[in-house]
Amino acid sequence: MAHGSGDSAGWRADCLLRKRRRAMTKRMSKVEKRVTELVRRRIRESRSTELLGFDVESVHEGRAIFRMDVRPSHKQIHGVVHGGILAALADTAAAIAAYTAVPNGTEIATVELSINYLEPVPGGRIKADARVLRAGRNFVVTECEIFNENGSLAAKALLTFGAAAGHSIQK
């Protein structure tokens, strides 16, 4: 017990979660609203994100927040969201965050993804909050935190994207 008043680690975790929730509900500028709408339109063109049910909540410089309403098809045999779905959500949100940190015309591709699953995701609306940690000439490093509907941290991913200005990933 810290200071005789209970679990200080639990209190710090609650404060951190409240701070993250406030940050995820930050008001968007007109430019951020325009960019968010553009990303929403582009994401709808992707058959995989449509199939998986990913939705863009907001896009800011160096950051993207996505949400997903859990469907029965997202769940594995134990009744919780399959880890591959969460990894795909982290990858998609982090890629959009990475695109905000590179010059126009730069193509990116995931070269590494590491994810830690911290607690099960039983259902509801989940959020993925992706942030650019470092953007260099050839690589963009991001992190993505995935939160359960109650705001608890369910997974954390670290992703690296290769970035090639003036080149197309397509052959």
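One table, with the values for the structure above:
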{"item": "Selection status of Arg42, at pLDDT below 90, within 23 Å of Ala155 (Cβ to Cβ) and either touching a strand residue (DSSP E or B) at 6+ places or on another chain (Cβ under 8 Å) or not polar (S, T, N, Q) (or both)", "result": "no"}
{"item": "Residue tally, condition in contact with a helix residue (DSSP H, G or I) (Cβ under 6 Å, 6 or more places away or on another chain), in a strand (DSSP E or B) and either of a type outside the set (A, V, I, L, M) or at positive phi (or both), over the range 132-162", "result": "3"}
{"item": "Cβ-Cβ under 9 Å pairs, at least 6 apart or on other chains, the range 105-122 side assigned to a strand (DSSP E or B), far side modelled with pLDDT of 95 or more and aromatic (Phe, Trp, Tyr)", "result": "Ile108/Phe161; Ala109/Phe161; Thr110/Phe161; Val111/Phe139; Val111/Phe161; Glu112/Phe161"}
{"item": "Members of the range 34-65 found to be part of a strand (DSSP E or B), in contact with a Lys or Arg (Cβ under 7 Å, 6 or more places away or on another chain) and touching a residue at least 40 places away in the same chain (Cβ under 8 Å), listed by number", "result": "Val56, Glu57, Arg63, Ile65"}
{"item": "Answer residue from the range 104-114, given it is modelled with pLDDT of 95 or more and either in contact with a Lys or Arg (Cβ under 8 Å, 6 or more places away or on another chain) or not aliphatic (A, V, I, L, M) (or both) and is surrounded by the most Cβ atoms within 10 Å (Cβ to Cβ) among those", "result": "Thr110"}
{"item": "Neighbours by Cβ (under 8 Å, 6+ apart or cross-chain): first from the range 130-147, touching a residue at least 40 places away in the same chain (Cβ under 8 Å) and closer than 12 Å to Ala97 by Cβ; second basic (Lys, Arg) and not in a strand (DSSP E or B)", "result": "Glu145/Arg20"}
{"item": "Matching residues, the range 85-104, being farther than 14 Å from Ala64 by Cβ and of a type in the set (S, T, N, Q)", "result": "Asn104"}
{"item": "Pairs, first surrounded by fewer than 21 Cβ atoms within 10 Å (Cβ to Cβ) in the range 88-103, second assigned to a helix (DSSP H, G or I), C-beta under 8 Å, six or more apart", "result": "Ala88/Ser48; Ala88/Leu52; Thr100/Val35"}
{"item": "Those residues of the range 28-68 which are among the aliphatic types (A, V, I, L, M) and surrounded by 12 or more Cβ atoms within 10 Å (Cβ to Cβ), in sequence order", "result": "Met28, Val35, Leu38, Val39, Ile43, Leu52, Val56, Val59, Ala64, Ile65, Met68"}
{"item": "Residues being of a type outside the set (Val, Ile, Thr) and over 14 Å from the mean Cα position of the chain (by Cα) - total across the range 134-148", "result": "6"}
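The values are calculated or read from the model by the stated rules, or taken from the named source; none is laboratory data. Given the structure is predicted, the values throughout are model-derived calculations rather than measurements. Because the Cβ atoms are built from the backbone with ideal geometry, glycine has one as well, and the counts that use them run over all protein chains shown.
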